[in-house]
Amino acid sequence: MDHTKVKTPVISGKNIVQTFGQTKVLNEISIEIYDGDFTVIMGTSGSGKSTLLYCLSGMEQAAGGTILCGNQAITGASEKELTKLRADRFGFVFQKTHLVSNLTLYENIVMSGLIGSGLGEKDVRKRAKELAARMNLQDAADRLPSQVSGGEAQRAAVARAVMGNPAILFADEPTGALNKANTKEVLNLFTKLHEKGQTILLVTHDKEAALRGNRILYIEDGRVISELALSEYGKDKDAREKKLAAWLEGLGW
Ligand SMILES: Nc1ncnc2c1ncn2[C@@H]1O[C@H](COP(=O)(O)OP(=O)(O)O)[C@@H](O)[C@H]1O
Ligand SMILES: [Mg+2]
């Protein structure tokens, strides 16, 4: 065993249950998300992927089980505690960007920094500029969301999500509304963030997106039914692709 690579959980969930009416959408899921990992959750539509993400991030209260982020309990926390936890420690990206339509991409990123990063305005503007550059936004940064491509808008949403240096970046189908070229650009960005140490939890049913991760979980009927470890993206491309494809095939994908 390589003791230099012992992983620290950022979030630990035990026996998480979520019910809607009579349906158990999450059926006693136990899951740990480790620091520095790019964890991917796969599963068919309706399998409970989004629900799991919402429960882990405290956007929804689970009906049962315990979820901890460090020593902060997410299950049972007050709305006020959860709001603070989400603002201080989490970043979110969804299929829709939810950018403010009358602000430029740059101003959208700045606004999130002014609200959540704890930095002064000058430092926020500096960090927003650096992030916009890292997201390859160039002159698109000075345009409104309606005047840029879907990929540019989503890259701005990612910049906004990491503005406050979140402990975890949660992403729910972030490429679900994008064409192939834009999908690739957004995924490249996730890879870049992961290489810099960003912990990511990505929900997807896209194989290309899943390939970016180093740990893939498959959920079905509200349970994690299988897990796959992958080497880092960028090395052994063919071997990784084959490994993922064979695993998914075995799951009846
Ligand atoms: N707020 C809700 N109220 C009722 N049913 C819900 C709600 N959210 C999700 N569901 C149901 O829970 C199941 C899992 O949904 P979801 O987590 O969105 O799946 P996925 O993201 O894997 O497609 C689906 O059957 C969905 O209809
Ligand atoms: Mg979903």
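What follows draws every value from the coordinates through simple rules; no lab data is involved. Here the structure is a predicted model, which is why all the values come from computation and not from measurement. As a convention, Cβ positions derive from the backbone with ideal geometry for all residues, glycine included, and neighbour counts pool all protein chains shown.
For the chain, the residue among M163, A239, C55 whose Cα projects farthest onto the positive side of the dipole built from Cβ charges is M163. Counted over the chain, the DSSP beta bridges are approximately 60% antiparallel.
The fewest-to-most ranking of C55, C69 by surrounding Cβ atoms within 10 Å reads C69, C55.
The magnitude of the dipole of segment 174-253, with charges of +1 and -1 set on the Cβ of Lys/Arg and Asp/Glu and taken from the Cα centre, is near 260 debye.
Remark: D238, D88 ranked as D238, D88, counting other beta-carbon atoms within 10 Å and listing the fewest first. Once both axes come from the Cα atoms, what is the angle between helix 121-134 and the longest principal axis of the chain, in degrees from 0 to 90, rounded to 10? Long axis of 121-134 versus the principal axis of the chain: about 70 degrees. The C-alpha atoms of the chain define a longest principal axis, and helix 237-250 lies at about 50 degrees to it. Taking every DSSP helix (H) stretch of at least 4 residues in the chain, weighting each as -39,500 (n - 2.57) and dividing the sum by the residue count yields a mean residue ellipticity at 222 nm of -11000 deg cm²/dmol. Computed from the C-beta positions of K7 and K184 and an R0 of 30 Å, the FRET efficiency is 0.55 to the nearest 0.05. The lysines within cross-link reach of K84, meaning a Cα-to-Cα straight distance under 28 Å and a gap of 8 or more places when in the same chain, are K7, K14, K49, K96, K122, K126, K129, K192, K196.
Helix 150-162 and the longest principal axis of the C-alpha atoms of the chain enclose an angle of approximately 80°.
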